[in-house]
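Read the structure below first, then the notes.
The values are calculated or read from the model by the stated rules, or taken from the named source; none is laboratory data. Note that the structure is predicted; figures quoted are calculated from it, not measured. So basically every Cβ, Gly included, is an ideal-geometry build from the backbone, and we count neighbours across all protein chains shown.
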Amino acid sequence: MVGVPATAMARVAEAATKDGLRGLAVAETAAFNSTNAERAAHRLFARWGLRLGVKITDLLLSDGSRNLKVPILKPSSWIQCLLEKYPSALFGGCSLEMGPSKCLTFWKGLYQSQRTLEVYRNFKPQELQHVLPILLYGDEGTGSKKQPIAIGSFETVFGLEDQETRRKTKRARFSDCIHSCGDSVGLGHCCELPAHWPRHQELPADFRLSEDDLSELKNQMHATTGHSYLSRYLNYMIPTALLDLGPWVLDGVQKAVAQDLRSLFYEGLLVNGQRFYVAVVGLKGDQKWHVRVGQFYRSYLHLGDVNSHEICPDCLAGNPAYPFEETSENPRWVKTFGTDELPWTEPGVFEELPFDSTFPSFKYKRDLLHSFKLGLGRDIAGGTIMLLCRFFETLDHPGDSKGVISRLERAHARFAMYASAAKKTPHVRKFTKDFLHHKTNKSFAFTASKGSDTILLLEWLHLECQLAIQKHADHRRVDLLKAAVQVCKASCSIFWIVYNHGLWLPRLCMSKLRDTILRVVRGYGYLARGCYQESFAAYRCKSTLHSIHHFAVELDLALLMKADCYPSPLLFDCSQSEDFVGRNARVARATHGKTTALRGLQRHLVKSRSMLRKHFRKIEKPAAWPPAG
């Protein structure tokens, strides 16, 4: 829709008409007014069924002095349309008849570790089969003239099966992992259950996992593969011109989405004689978005260089009594995990969503993309590069310049050679002081790499550190190189584990992932202390270290509660969601600034209909064929 202007459609149709081509749609297209060609084109698409029949709702907003009309796509309109025409898109490829059993198994699996959710209080066990689990996502894209544009969407938790994901379901039983997850690194439990957490109790009969349930869990996939339009659905697109009017615009739109989802939870909607409900299992996004919509006063924004402040919405880490940098066994901040002390003074717009009254902030989900690939992983990569180049001088040879720029050039040459041998193409063209945020020798280096490049850098550094150990075997701080080897290897292993599993992790894999994450955070803490002792600036302790530690603690708490399974961290991963935002932002840049909010939604519906119809091979007739009049 970006590459074909509506005026071009009119010119082609007019030329075809002059050549003698007859047809109602062609004649209607040829009659487009060039000044309002896109408006006429979208009317044509709607009339002939060339876009999804999702109703665009005009939301009326006011700040007391002015009124504003903002178009949105309500989740209820989306779900009504998808359940009627493309139910497989919501149920991970299953039909409307098979989808409910998939939902029921999902809720039984989630009950293993999260038993206080509102969905278990509001619905009887057998009613859960008609409760569709979804996720919300919000972010800012780059709109016209490089100005920010707010984009919000919801997505299904179920991914579509493809040739790659089918390989992961070949094991005979859910607990029989074919990826060597039984080879534990032997770290064991890292914490104790907080006093206010529920203790292990015998599961109710309705929530015990049968062999059929475990077989279904084995086949459920996370929505991290395939085209992002097949699992994610746009709710709103607010350009800068509207955002500049004040926060009341975006707050009003998000509040309308929250109210619609609340209605779907308690009232549901009727499709083919069956009432379906919707429950939100998490809000995805980066920390900036979470802080804004949650109105947190405990967040990464409060991380201080001198004074200690609470930085985590889920616990009191950062408080002088609960250091967030603590990565040892049973860190003190764990006892405050899920505390009654809320991280906000005024509730955010999404607090009216039914979730968990005992732990409301747990709906704001952290993810591996922002916490590691764009967070801690960058610090590991940047710190290790400087450790090799400046502290150990392992890349220096007789006659080589010892300037930082020259050393970085030699390091990049070795990285490029490694990437070429691995048959991978990184986005990193060279290592510079700007790329490593290395202004002076007192700067704590971290890379400005993309997520995929961060993992590739860690793979390369794992090899470089092994070679450096052989070269500096007698160095007094060779222990730092040995620690860096373990940290880089464990960092890559985290993603190897999660990407080689489906939506659920069995107990063996839970313990393996927990131990691997612990090796990263504890190794990072060891490196930070070692560099501090040597007065060498590297491996700064940031809020992302605490975020990654939370993944291990949550897995360990689930193991202590005797959970048979746990949702994969990829359930809340934002990689595909970022792709979705990028695609819609490109569409927004091709529209006029005054009509972006509407045209972006209309173009999305045309593209979504095309993608869904192509993937699910469904022949759909328009509402009127041929159109009347």
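Taking every residue in the stretch 511-533 that is within 16 Å of L557 (Cβ to Cβ) and assigned by the TED database to the domain that holds E329 and pairing it with any residue that is surrounded by fewer than 23 Cβ atoms within 10 Å (Cβ to Cβ) and at pLDDT below 95, at least 6 positions away or on another chain, yields no pair with a Cβ-Cβ distance below 7 Å. The condition of being of a type in the set (D, E, K, R), touching an Asp or Glu at 6+ places or on another chain (Cβ under 8 Å) and surrounded by fewer than 22 Cβ atoms within 10 Å (Cβ to Cβ) holds for only one of R410, R390, that being R410.
Among the numbered conditions (1) of a type in the set (S, T, N, Q); (2) crowded, with 19+ Cβ neighbours inside 10 Å; (3) under 20 Å from S210 (Cα atoms), the only one that S101 does not meet is (2). Among the residues of the stretch 270-294, those that are over 20 Å from R232 (Cβ atoms) and crowded, with 16+ Cβ neighbours inside 10 Å comprise V271, Y277, Q287, V291, R292, G294.
Counting only residues that are touching a residue at least 60 places away in the same chain (Cβ under 8 Å) and out of contact with any strand residue (DSSP E or B) (no Cβ under 8 Å at 6 or more places or on another chain), the stretch 300-313 holds 3 of them. Scan the stretch 203-210 and give yes if some residue there is hydrophobic (A, V, I, L, M, F, W, C), surrounded by fewer than 20 Cβ atoms within 10 Å (Cβ to Cβ), in a helix (DSSP H, G or I) and over 27 Å from the mean Cα position of the chain (by Cα), otherwise no. For the stretch 203-210, residues hydrophobic (A, V, I, L, M, F, W, C), surrounded by fewer than 20 Cβ atoms within 10 Å (Cβ to Cβ), in a helix (DSSP H, G or I) and over 27 Å from the mean Cα position of the chain (by Cα): present.
A residue that is surrounded by 17 or more Cβ atoms within 10 Å (Cβ to Cβ), assigned to a loop (DSSP other than H, G, I, E, B) and assigned by the TED database to the domain that holds T544 occurs nowhere in the stretch 374-384.
Sort through G268, G252 and tell me the only one that's farther than 28 Å from L503 by Cα, at pLDDT 95 or above and assigned by the TED database to the domain that holds V131.
G252
Condition test on S357, is it at pLDDT below 95, touching an Asp or Glu at 6+ places or on another chain (Cβ under 8 Å) and not assigned by the TED database to the domain that holds L316? Spelling it out, S357 is indeed at pLDDT below 95, touching an Asp or Glu at 6+ places or on another chain (Cβ under 8 Å) and not assigned by the TED database to the domain that holds L316.
On the stretch given as the stretch 139-160, residues that are at pLDDT below 90 and not charged (D, E, K, R) total 3.
The single condition among (1) closer than 22 Å to L135 by Cβ; (2) part of a helix (DSSP H, G or I) that L283 does not meet is (2).
In the stretch 500-520 there is at least one residue matching the filter, namely being polar (S, T, N, Q), touching a Cys at 6+ places or on another chain (Cβ under 9 Å) and on the phi < 0 side of the Ramachandran plot. Scan the stretch 324-336 and tell me whether some residue there is part of a helix (DSSP H, G or I), among the β-branched types (V, I, T) and not assigned by the TED database to the domain that holds W78. Yes, because at least one residue in the stretch 324-336 is part of a helix (DSSP H, G or I), among the β-branched types (V, I, T) and not assigned by the TED database to the domain that holds W78.
Out of the residues in the stretch 218-252 that are of a type in the set (S, T, N, Q) and not in a loop (DSSP other than H, G, I, E, B), state the one that is nearest to W504 (Cα to Cα). Filtering first and then ranking leaves N219.
Take L117 and decide whether it is touching a residue at least 12 places away in the same chain (Cβ under 8 Å) and buried (at least 19 other Cβ atoms within 10 Å of the Cβ). Steps first, please.
Values: touching a residue at least 12 places away in the same chain (Cβ under 8 Å): yes; buried (at least 19 other Cβ atoms within 10 Å of the Cβ): yes.
The answer is yes for L117.
Of the residues L353, L436, the single one that is over 30 Å from D260 (Cα atoms) and crowded, with 19+ Cβ neighbours inside 10 Å is L436. When the stretch 393-417 is filtered for residues that are more than 37 Å from the chain's Cα centre (by Cα) and in contact (Cβ under 8 Å) with a residue 24 or more places away in the chain, only T394 remains. Condition first: closer than 16 Å to G377 by Cβ, among the basic types (K, R) and not assigned by the TED database to the domain that holds L209. Can you find one or more residues in the stretch 541-549 that meet it? Looking through the stretch 541-549, at least one residue is closer than 16 Å to G377 by Cβ, among the basic types (K, R) and not assigned by the TED database to the domain that holds L209.
Looking across the stretch 286-308, the residues that are charged (D, E, K, R), under 28 Å from P569 (Cα atoms) and assigned to a loop (DSSP other than H, G, I, E, B) come down to D286, R298.
For the subset of the stretch 135-160 comprising residues that are outside any helix (DSSP H, G or I) and over 19 Å from the mean Cα position of the chain (by Cα), which member is farthest from L270 (Cα to Cα)? Full working, then the answer.
Of all residues in the stretch 135-160, those outside any helix (DSSP H, G or I) come to 135-143, 147-160.
The next check asks that each one be over 19 Å from the mean Cα position of the chain (by Cα); those that pass are 143, 147-148.
Working: G143: 37, Q147: 41, P148: 38 Å.
Within the stretch 135-160, the match that is farthest from L270 (Cα to Cα) is Q147.
Filtering the stretch 418-472 to residues that are in a loop (DSSP other than H, G, I, E, B), over 26 Å from the mean Cα position of the chain (by Cα) and of a type in the set (G, A, S) leaves A422, S443. Taking residues in the stretch 44-66 that are on the phi < 0 side of the Ramachandran plot, and partners anywhere that are among the β-branched types (V, I, T) and in a strand (DSSP E or B), the pairs with Cβ atoms closer than 7 Å and at least 6 places apart or on different chains are T57/I72; L59/V70; L59/I72; L61/V70. Scanning the stretch 438-453 for residues that are touching a Gly at 6+ places or on another chain (Cβ under 7 Å) and of a type outside the set (F, W, Y) turns up A445, T447.
Against the numbered list (1) in the same structural domain as E155 (by the TED database); (2) farther than 19 Å from L135 by Cβ, E341 comes up short only at (1).
Residues of the stretch 171-180 include at least one that is in a loop (DSSP other than H, G, I, E, B), among the basic types (K, R) and modelled with pLDDT under 85.
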